[in-house]
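J.: Here you go, one structure.
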Amino acid sequence: MGIIIKPIVTEKMTVQGEKLNRYGFIVSRDANKLQIKAAVEQMYNVTVADVNTLNYHGKKKSRFTKAGMLKGRANHFKKAYVTLAGEDKIDFYANI
């Protein structure tokens, strides 16, 4: 399994990509900053200046249905915010 699972494509991350040259990714939970930096540089051919990570703890969820109360939990995952150096850009929509 790879280090980068998927990019975070939201309004907030799109604005940060345009203004601050910062992009977000969902990454493997056991990946460290050096591995994330190497994976992004290899995949997108850019130079990474900084990597910030955060672990998201999945929350408990419950809802009422006809069959009764259903309980579950959202998944844990790790996010990485990558700041690119210079004038490098990542275009997530190039292959569409």
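J.: Between the helical axis of 33-44 and the dominant principal axis of the chain, each derived from Cα atoms, what acute angle in degrees is found, rounded to the nearest 10?
T.: The helix 33-44 is inclined about 70 degrees to the chain.
J.: Rounding to the nearest 20 debye, state how big the charge dipole of the chain is about its Cα centre with +1 on each Lys and Arg Cβ and -1 on each Asp and Glu Cβ.
T.: Dipole of the chain, to the nearest 20 debye: 1040 debye.
J.: Here is a further query. Which value in nm describes the separation of the simple spin-label points at Leu20 and Lys33, placed 7 Å from the Cα toward the beta carbon?
T.: Reported label-point gap for Leu20 and Lys33 is 1.5 nm.
J.: Pick from Phe64, Phe25, Phe77: which residue has the top mean-square fluctuation in a GNM of the chain where Cα pairs under 10 Å get a spring?
T.: Ranking Phe64, Phe25, Phe77 by mean-square fluctuation puts Phe64 first.
J.: Which of the listed residues, Val46, Ile8, Val82, is farthest toward the dipole's positive end in the chain, when Lys, Arg count +1 and Asp, Glu count -1 at the beta-carbon?
T.: Ile8
J.: Which of Met69, Ile36, Asn95 sits closest to the plus end of the dipole of the chain, meaning its Cα is farthest towards the positive end, when Lys and Arg get +1 and Asp and Glu get -1 on the C-beta?
T.: Met69
J.: Can you compute the helix-only [θ] at 222 nm over the chain? Use -39500 (n - 2.57) per DSSP H run of at least 4 residues, normalise by all residues, nearest 500 deg cm²/dmol.
T.: So the helix-based figure for the chain works out to -6500 deg cm²/dmol.
Computed from the coordinates by the stated procedures, all read-outs in this text should not be read as laboratory data. The shown structure was predicted, so the numbers you read here are calculated from the model rather than taken from an experiment. No Cβ is skipped: glycine too gets one built from the backbone with ideal geometry, and neighbour counts run over all protein chains shown.
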